[in-house]
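Below is one structure; the comments refer to it alone.
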Amino acid sequence: MSTGARVVGVYIATALLWIVAALTLGHFTDVWPALQSAAFLGVVAAGQTVVILAAGIDLSVSMVVSVSAVSVSLFIGSAHLGTAPGILATLGLCLLVGVANGAGVHFLRVSPMVMTLGTLSILEGAFLLYTNGQVATGHSSLLHELGGGTIGNIPVAVLVWLAVSVVTLAVLRLTRFGRGIYAIGSNAAAARLSGVRTGWVTMGAYVYSALLAGVAGLLLFGYAGQGYMDLGDPYQLNSIAAVVVGGTSILGGRGSYLGTIGGSILLSLLGAALTSMNFGAGLRDIVAGSIILALVTLYARETRD
Amino acid sequence: MNRGIAISRIVRMSWRSPVTWIWAVAVIILGIYLAVDPGLLNLQQLQNFALELSPYVFTAFAQALVMLTAGIDLSIGATVSLVTTIVAKTGTVEGAALALAAGVLIGLANGIFVSVGKVPAIIVTLASSFIISGAALLILPTPGGTVAAPLVNFGGATLGLPVAIWTWVLSLAIWGWFKRSPTGRSLYAVGDSVAGARAAGLRVTELRLIAYAISGLFAALAGLFLAIQTSGGDPTVGTPYTLSSIAAAVVGGVSFFGGRGTLRGTLGGALIIGALTSVLFFLGVSQFAQYVVEGAVLIAALVIANVRGFGRAPA
């Protein structure tokens, strides 16, 4: 199946799911709340798309989301920084994580899976050490507007996602960096030999992923008014699934963020449908995991062994 | 051959082998632990320690087996949790046997998706970890349950050495025999180069399935020991073992890209990771620091492996 076909397929599947859900559950006739939750996932998945296209993976996104939400709350709340400095400081933290990931993958030649698992673990430990596992609450009008506000009927978060999407698509299609991403994803050695600055591109990819995970964390904090350790958990598997289901090859070099957008909507819809069916936590995980497994089996088969 | 030359050859060979270095580090760390906690030399304490290390050992074995076929298993922690819930919910020895069977089935299921479904292992096992955790939550929503007395007695028994340690040795022995068999050697070949293995006529799919099934059994054994050690089940108790299994396997010299590594080395790696955690705990370092240390150790181990040319990514 070509990338284009997969992208179209995702949107068809999403539309079908929507119709089925609307008919059987009676909800989902309202588009905007569904798109709002998809926005959070979509932002994280944008970063994940870039990393996966470059034949990498970012397993640390869940903690970056959580750390971002809690950090901004602590910066603005306990540290009494203003809103803007607080946001900048938080994004600075995310930048550091991205740099660490990129440096490990490129300079230390550590496999992306291991490197990002390592930073995930370090972030978990640091987080627990610093917060003792407590929930951080706080309020920022700006973030509340961005994460939870609406303009007319349109959630602001969706507009933020729209902006991120445009930037991501433009970067991937129109810039040299974007071409470098696809080149590295296809064949890293050939990319290096043909002049792609693999160090910068790799670092850029992981920094982009960490920054966007941070943005998602900021939005989620604005939406929920709190940050806690498990906040980012759903975004780890779901961001990867959104990318893969949207037609991007897990091995890199092939795919498009357009598909990931569809994948994000599809998975958010799925999550919302499961929640509204009142499954307990255990059953929900089983069903969600099974559906994702089924989807990736249909969509993510790799004939390259 | 002259015996002196043979001996000096063996000595020289073993110092070049990474397994020896791994074990050297393991012994050092165990030595440090003994130094800070001399009470360990008591047989009762040793037996507790062995029980505590067993989940690290068996999850490491499970991960190593999958990594040998160039795969990864992110659902090992969830499998461990599930096994503890089954063991504790049933409270019988038969239940424990059922739990072990469940582990094998989970391994097979993962293997089928990877091998036959051709879905990358990382996605399969990430998704299956959700399914398995969900099942564990359904079986035992909150920690508790009882472990059958015969199992507890088994965990507490000693035959000179704690029984747990004998299970490690037995696993190594069986594996050592298996590794020399045609099937075992084929498994290494598959990890090394799937195309090459296929071209040589090896049944790649079946071999992978075997690896995943045995891996599932090891993960289940880890869960069994954990249930015995904690005298109960807990639907999330296994989560940390996913990362530690990878760290232990990597430290133990197993390569991600398949075809390289030994279970002897993995045992050493598991002892390092497990003992490190205990040493830190004993020294009063916060439990949370464990995560930080494991992450750092994992990365450091892979950097070292790369430097020595073991874990280098192709291109």
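Quick check: convex hull over the Cα atoms of region A:1-86, volume per residue in Å³, rounded to an integer? Intermediate results must be reported in sequence, preceding the final value.
Values: hull volume 13.8 nm³, N = 86.
Cα convex hull per residue, to the nearest whole number: 160 Å³.
If you average the sequence gap of Cα pairs under 8 Å that are 6 or more apart and divide by the length of chain A, what percent do you get for the contact order? Mind dumping the intermediate values first?
On the way: 522 pairs, mean separation 109.4, N = 305.
Dividing the mean separation by the residue count of chain A yields 36 percent.
Among A:Val43, A:Val72, A:Val31, determine the one that fluctuates most according to a GNM of chain A built with springs between C-alpha atoms less than 10 Å apart.
Greatest mean-square fluctuation among the candidates belongs to A:Val31.
Where in chain A are the DSSP H helices whose alpha-carbon span along the long axis reaches 20 Å or more and whose Kyte-Doolittle mean is at least -0.5?
On the way: long enough: A:3-25 (32 Å, 1.76); A:31-53 (30 Å, 1.60); A:61-76 (22 Å, 2.25); A:83-106 (34 Å, 1.42); A:112-131 (28 Å, 1.30); A:156-174 (26 Å, 2.47); A:198-224 (38 Å, 1.34); A:257-276 (28 Å, 1.44); A:281-299 (26 Å, 1.63).
Span-like helices in chain A: A:3-25, A:31-53, A:61-76, A:83-106, A:112-131, A:156-174, A:198-224, A:257-276, A:281-299.
Amide H to amide H under 5 Å from A:Thr150: which residues, 5+ apart in sequence or cross-chain, H placed 1.01 Å off N in plane?
Placed amide hydrogens put A:Val156 under 5 Å from A:Thr150.
How many partner chain Cβ atoms sit within 10 Å of a residue's Cβ in peptide A:275-284, on average, as a whole number?
Values: counts 0, 0, 0, 0, 1, 4, 6, 10, 4, 3.
Partner Cβ neighbours, averaged per residue: 3.
About the Cα centre of chain B, how large is the charge dipole given +1 on each Lys and Arg Cβ and -1 on each Asp and Glu Cβ? Please answer in debye to the nearest 20.
Computed about the Cα centre, the dipole is about 1300 debye.
Ranked highest first by average number of other Cβ atoms within 10 Å, how do B:194-203, A:280-289 line up? All intermediate terms of the calculation are to be shown ahead of the outcome.
Details: B:194-203: 13.8, A:280-289: 18.8.
Final packing ranking: A:280-289, B:194-203.
Summing -39500 (n - 2.57) over the DSSP H runs of n ≥ 4 in chain B and dividing by its residue number, what mean residue ellipticity at 222 nm do you reach, to the nearest 500 deg cm²/dmol? Don't skip to the answer; put the middle values down first.
Details: 14 runs with 237 residues, N = 315.
So the helix-based figure for chain B works out to -25000 deg cm²/dmol.
Based only on other Cβ atoms within 10 Å, what is the fewest-to-most ordering of B:Tyr56, B:Tyr291? Walk me through the intermediate numbers first.
Numbers: B:Tyr56 29, B:Tyr291 24.
Listing B:Tyr56, B:Tyr291 from fewest to most nearby Cβ atoms yields B:Tyr291, B:Tyr56.
What value, in deg cm²/dmol to 500, does the helix sum -39500 (n - 2.57) over DSSP H runs of n ≥ 4 give at 222 nm once divided by the residues of chain A?
Numbers: 13 runs with 228 residues, N = 305.
That comes out to -25000 deg cm²/dmol.
Please report the relative contact order for region B:228-312, taking Cα pairs under 8 Å with a sequence separation of at least 6, and give it as a percent rounded to a whole number. Intermediate results must be reported in sequence, preceding the final value.
On the way: 71 pairs, mean separation 24.5, N = 85.
For region B:228-312, the relative contact order is 29 percent.
As I understand it, the dipole of chain B uses +1 on the Cβ of Lys and Arg and -1 on the Cβ of Asp and Glu, about the Cα centre. Which of B:Ser278, B:Thr167, B:Thr230 lies farthest toward its positive end?
B:Thr167
Given the options A:Val44, A:Val196, A:Val65, which has the most mean-square fluctuation in a GNM of chain A, springs set between C-alpha atoms less than 10 angstrom apart?
Greatest mean-square fluctuation among the candidates belongs to A:Val196.
On a C-alpha basis, how far is the centre of region B:143-210 from the centre of region A:65-133 in Å? Whole number, if you could?
38
With springs only between Cα atoms under 10 Å apart, run a GNM on chain A and tell me which of A:Thr119, A:Thr131, A:Thr202 wobbles the most.
A:Thr131
Taking the Cα centre as origin and putting +1 on Lys and Arg beta-carbons and -1 on Asp and Glu beta-carbons, what dipole magnitude results for region A:231-305, to the nearest 20 debye?
Working: 4 positive and 4 negative charges, 31 e Å.
Rounded to the nearest 20 debye, it is 140 debye.
Where in chain B are the DSSP H helices whose C-alpha atoms run 18 Å or more along the long axis and whose mean Kyte hydropathy is at least 0.0? Let's see the in-between values first.
Values: long enough: B:3-16 (20 Å, 0.04); B:18-36 (27 Å, 2.21); B:43-68 (35 Å, 0.90); B:76-90 (21 Å, 1.41); B:93-115 (33 Å, 1.78); B:121-139 (26 Å, 2.35); B:163-180 (26 Å, 0.97); B:204-230 (39 Å, 1.52); B:263-282 (28 Å, 1.66); B:289-307 (27 Å, 1.81).
Qualifying helices, which must be both long enough and hydrophobic enough, are B:3-16, B:18-36, B:43-68, B:76-90, B:93-115, B:121-139, B:163-180, B:204-230, B:263-282, B:289-307.
Could you work out the relative contact order of region A:40-148, using alpha carbon pairs under 8 angstrom and six or more residues apart, expressed as a whole percent? Let's see the in-between values first.
Working: 74 pairs, mean separation 38.1, N = 109.
Answer for region A:40-148 is 35 percent.
No value in this document is a laboratory result; all are computed from the given coordinates. Every value quoted in this text rests on a predicted model; they were computed, and no experiment measured them. Virtual Cβ from ideal backbone geometry, glycine too; neighbours counted across all protein chains shown.
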